[in-house]
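Rule-based calculations on the coordinates, nothing more; no lab input. This one's a predicted model, so the numbers in the text were calculated from it and none came from an experiment. Here the Cβ is made from the backbone with ideal geometry for all residues, glycine too, and neighbour counts use every protein chain on show.
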Amino acid sequence: MADINDIKTAFLQELASAGTAADLQQLKVKYLGKKGILTAKLKLLPTIPAEERPVYGKLMNELKMFIEGEIEGKESEIRDAERRSKIASEAIDITLPGKYTKPGKMHPISTVLKEIIDIFVSMGFDTEVGPEVELDYYNFEALNIPKDHPARDMQDTFYISDDVILRTHTSPVQVRTMERKKPPLRFIAPGKVYRCDADVSHTPMFHQVEGVVVDADISFSDLKGVLEIFVHLMFSKDTPVRFRPSFFPFTEPSAEVDIGCILCGGAGCRVCKGTGWLEVLGAGMVNPRVFEMVGYDPERYTGFAFGMGVERITMLKYSIDDIRMYYENDIRFLRQF
Ligand code: PHE
């Protein structure tokens with residue numbers, strides 16, 4: 001009888017320190033298994049005096065049921081705890097602040113380039129493209145730029161070989177497009193151009209937008225009208241526009257287009273160097289020699305062309321006079337746009 005109490009006490013101690021399902025399994029084997037403590041005791045039943053046997057057997061049975069019940073109870077306790085901790089570990093804390101990733105945005109040069117394109121597209125211009133690695137012929141020769149012209153100087157042009165260069169302006173797209181298409185033509189040609197030059201207002205790569213209109217009756221006043229509309233949409237409708245005589249080998253007559261200084265309103269400041277005017281474009285009537293080069297009849301067709309620097313317009317628009325800021329990729333600078 002004392003045995004039974006000892007077994008019970010020992011079992012309860014071990015049960016208290018069992019923390020896992022595996023511990024319980026071991027306890028089960030140890031007490032209830034085929035070679036377990038209870039089985040061994042029951043085997044001794046025949047050695048017990050006959051009159052004590054029923055009581056002993058009853059107590060043993062009760063102990064067995066007690067142990068089974070305790071193990072089962074503890075088992076479900078452990079299972080519950082495991083389930084609770086699993087749920088807790090998988091829980092999503094909806095009160096945590098979200099992880100915020102700053103969205104990227106357009107580079108200011110891209111924004112202005114898109115604005116320029118949108119304005120001309122709204123006036124019915126198509127867009128054309130041409131190669132950045134260009135033949136000397138399209139960049140110079142076909143544009144009536146003679147061999148000894150200063151624009152051909154090694155200082156300005158990146159040479160790939162004697163007759164292959166990086167285009168120094170988008171004007172070769174004028175020639176390539178006119179070779180492919182017949183008038184009437186009305187297109188712009190945006191893209192990258194390259195010049196061996198670097199200071200506060202020059203980078204070796206920059207962007208231009210070329211524009212060309214060719215038809216039977218295109219006049220200088222058409223050019224003025226289109227560019228005035230452009231300036232008024234790009235800057236403001238009160239921005240004055242001025243055409244100044246100039247020279248380009250591929251236009252005749254040629255003009256440089258100035259706008260009233262958008263910083264000082266024309267009074268004169270550091271940016272406009274006291275003149276009240278800012279140069280933004282080169283333009284002119286397509287030189288008949290260019291028409292001849294592409295096989296257009298200069299007696300039948302006239303046209304105008306213009307070219308502008310996107311960086312220059314961006315710098316004026318945002319009043320930032322060091323072009324290098326746009327290409328340093330300093331996130332603090334770019335975030336301001
Ligand atoms: N291609 C000229 C330049 O890069 C600009 C221009 C284009 C002038 C078209 C007249 C006509 O300076």
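At a glance:
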{"item": "Segment Thr9-Ser89, extension gain: residue separation times 0.36 nm, minus the distance between their alpha carbons", "result": "25.2 nm"}
{"item": "Selection of trypsin sites (Lys or Arg not before Pro), the stretch 265-328, meeting DSSP coil and at most 16 other Cβ within 10 Å", "result": "Arg270, Lys273, Arg300"}
{"item": "Those Cys residues of the chain for which no other cysteine Cβ falls under 4.7 Å", "result": "Cys196"}
{"item": "Cα pair count fraction exceeding 37 Å, expressed as % - the chain", "result": "48 percent"}
{"item": "Loop-located trypsin sites (Lys or Arg not before Pro) in the stretch 152-252 whose Cβ has at most 14 other Cβ within 10 Å (DSSP)", "result": "Lys181, Lys237"}
{"item": "Listed residue pairs exceeding 22 Å between alpha carbons, taken from Lys114/Lys182; Lys273/Lys317; Lys114/Lys192; Lys147/Lys224", "result": "Lys114/Lys182; Lys147/Lys224"}
{"item": "Estimated inter-spin distance, Asp153 and Lys105, nm [label 7 Å along Cα→Cβ]", "result": "4.1 nm"}
{"item": "Cβ charges +1 (Lys, Arg) and -1 (Asp, Glu), total dipole of the stretch 68-193, debye", "result": "720 debye"}
{"item": "Euclidean distance of C-alpha centroids, the stretch 202-276 and the stretch 75-96, integer Å", "result": "71 Å"}
{"item": "Anchor Lys8: lysines whose Cα lies under 27 Å away (excluding residues fewer than 8 positions away in-chain)", "result": "Lys28, Lys30, Lys34, Lys35, Lys41, Lys43, Lys58, Lys64, Lys74"}
{"item": "222 nm mean residue ellipticity, helices alone, for the chain (DSSP H n ≥ 4; -39,500 (n - 2.57); rounded to 500)", "result": "-12500 deg cm²/dmol"}
{"item": "Charged-residue dipole, Cβ positions (Lys, Arg, Asp, Glu), the chain about Cα centre, Debye nearest 20", "result": "1620 debye"}
{"item": "Candidates per GluC sites (Glu not before Pro) in the stretch 234-337, loop by DSSP, up to 11 other Cβ within 10 Å", "result": "Glu299, Glu328"}
{"item": "Share, in percent, of DSSP beta bridges within the chain that are antiparallel, nearest 5", "result": "95 percent"}
{"item": "Spatial extent of the stretch 1-157: Rg and Dmax, with the Cα atoms as the point set, Å", "result": "45.3, 134"}
